[in-house]
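Nothing in this text is a laboratory measurement; each read-out follows from the coordinates by a stated rule. These figures come from a predicted structure and were not determined experimentally. Heads up, the Cβs are rebuilt from the backbone with ideal geometry, glycines too, and the neighbour counts pull from every protein chain shown.
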Ligand SMILES: [Zn+2]
């Protein structure tokens, strides 16, 4: 696992014949003979050596002796993370102390850590968080926290695997008690009783999303109890996996997907209504935009969902 405490600094030293690439050297020691000719050199790092040698520290950073961090530090802005999450992230990097992760019992912070370790490509630790999440204590008192986190990250690509693990576990636990619509209503009221009602519309969406998941034990992709894999989409949500069954041409005539392309719904507008068109038969009056796998451009609002089917049974990499 990567962290500063177990990092092999010696591997970074660069001398003739061996110089790791991208080792971020900022000083080169050149050994001179009596005639001032170089008899060898070694590249190193000012900062690392300064921590262990007060002499080198003075030599390298003398100018900065009296300065405060505000004057010399580069400012890096972090967005989208709580301070608690970033604090734990940085402390782990410096210490390699697993207990920082193992003793963390806040699911929101754990998932943010997962995102941070992924974002900065710190290897090895995400697996530990995944294991931690698969053992997360799903007691009743934790339901609100867990569901809020799950709904918040339901469409997050990086967290997909973790979120799937949690969903399956939650649905199994809750289904033991929630079997009817009445059960669900009671469960919802109990679980989210203390929630502020400042965003009622969003709450309703969340409620409906949970209701389908728990009550109908629906497919995690199409959310239908009887999975509609392969059927033309008639309802959708962000993050739903879909497949093109034929070439899709946008309204202005551009080919925007080929048959067989896989993609993720980026935006899904208006409930689908079946409309009958004399020329084309039954059609679906939907606006859906899709992010195709491997293609950065968005398919902006296909006016009809024809040629797009649910893709629930794809094998995940
Ligand atoms: Zn399905």
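Couple of notes before you dig in:
- Protection proxy ranking of 113-119, 55-61 - average other beta-carbon atoms within 10 Å, highest first: 113-119, 55-61
- Contact order for the range 83-215, expressed relative to its length and based on alpha carbon pairs under 8 Å spaced 6+ residues apart, stands at 20 percent.
- Normalised contact order of the range 94-152, rounded percent, pairs of Cα under 8 Å and 6 or more residues apart: 35
- Stretching residue 203 away from residue 7 to a fully extended chain increases their span by 66.0 nm, per 0.36 nm per residue minus the current alpha-carbon distance.
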